[in-house]
Amino acid sequence: VRSGFDAVSGINDVRSAKLQPVQVGERTRHVDFTARAAKASDLGLALWMMVEHPQLGRLLSRCDDWKGDLDSTCLLSQDRLTMYREVVDLCHKRIFEDNLDALWEGDRAKLPGPRALEAKLFAGAAEVIHATVDGQFAGGAIIKLCQVKAFAGESGVNIGMELAKQSHTIPGHTNVVYVDSCAAAPGMHAGGAMWKVLSGMKTVCVACHSILLPGTVGFWQARGMRRFDPGSKHDREEFCAAILMRTQGLVKCELDDLQRALPPSKLPLFVWISKNLTDLDGGDPHEDYIFTPECAEEDEAEPPA
């Protein structure tokens, strides 16, 4: 919440979880990482506010995206501010500070500051993951739920790309979770648990732009993410085919459209698409997070009465 004539109100969802260590043989696993289910109606909601116009009086105005940070003019509860700062500080340290030499040749002047991450909290549809182990902060992430242009048609496990090009003509969108920043505290074993939440969210795939360091790329690839190059015909066809399989032939989505829906980046794109058809709710590919037609989008875009 901000004061003044440019007052804007908004709040990020926080997926708070307490991880419980469980001994499995000689290894320790952390379980019970639960999260609120994401709904298509939660994505990209317009922000509206009452304003006083000098000639027309009180009006309902749509707000543009706010480029903000967690300074003294941002009014938050102390608990929520602490969560935000813990996630931002850890991500900044693990992604930027720890890689100063490898990515910025030791030049601290090139290093983005914490405010670059704080500003991401003010983006539309941004959420925060905050994980703790025995009450101690263990890891966190800033994610964004994105709507990607897609087309729907008759579903079926035997629907191929050639048939989909002709039959899938209903315009709309499908939902993707984008991992903007993610980090785990060393020795806390939170990385795998956070991935379990990301991969379990109600979206058709998980995407991120990864820094090219062996440890980071290895973490994503070990979870099944693979690199997709929008400039490669093979990658474009493979992505489209994977989305068709993921949605039981219902949704056709192009790699170029995914790239346009995500925040711009010069880093390579990594995407995870589940190959397990049974992870759809009840095996039903017609959930609104799988596909929402344009007519439903227009209804959601209407301002409140």
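Per-structure values
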read-out: L255 vs. criteria on the phi < 0 side of the Ramachandran plot and either surrounded by 17 or more Cβ atoms within 10 Å (Cβ to Cβ) or in contact with a strand residue (DSSP E or B) (Cβ under 9 Å, 6 or more places away or on another chain) (or both); value: yes
read-out: Where a residue in the stretch 230-250 is closer than 17 Å to A261 by Cα and its partner, wherever it lies, is among the acidic types (D, E) and part of a loop (DSSP other than H, G, I, E, B), with Cβ under 8 Å and at least six apart; value: R236/E254; F239/E254; C240/E254
read-out: Residue check, F219 among the aromatic types (F, W, Y) and in contact with a strand residue (DSSP E or B) (Cβ under 6 Å, 6 or more places away or on another chain); value: no
read-out: Subset tally (residues that are buried (at least 19 other Cβ atoms within 10 Å of the Cβ), among the aliphatic types (A, V, I, L, M) and either touching a residue at least 60 places away in the same chain (Cβ under 8 Å) or in contact with a Pro (Cβ under 6 Å, 6 or more places away or on another chain) (or both)) for the stretch 106-142; value: 8
read-out: Residue in the stretch 193-215 that is aromatic (F, W, Y) and modelled with pLDDT of 95 or more present; value: no
read-out: Residue in the stretch 261-284 that is modelled with pLDDT of 85 or more and in a helix (DSSP H, G or I) present; value: yes
read-out: First in the stretch 75-89 and within 15 Å of K120 (Cβ to Cβ), second anywhere and among the β-branched types (V, I, T) and at pLDDT 90 or above, Cβ under 6 Å, 6 or more apart; value: V87/V128
read-out: Candidates T216, T174 - the one that is of a type in the set (V, I, T), more than 12 Å from the chain's Cα centre (by Cα) and not in a helix (DSSP H, G or I); value: T174
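The values are calculated or read from the model by the stated rules, or taken from the named source; none is laboratory data. Please read these numbers as outputs of a predicted model, since none were measured by experiment. Glycine gets a Cβ as well: all are built from the backbone with ideal geometry, and neighbour counts include every protein chain shown.
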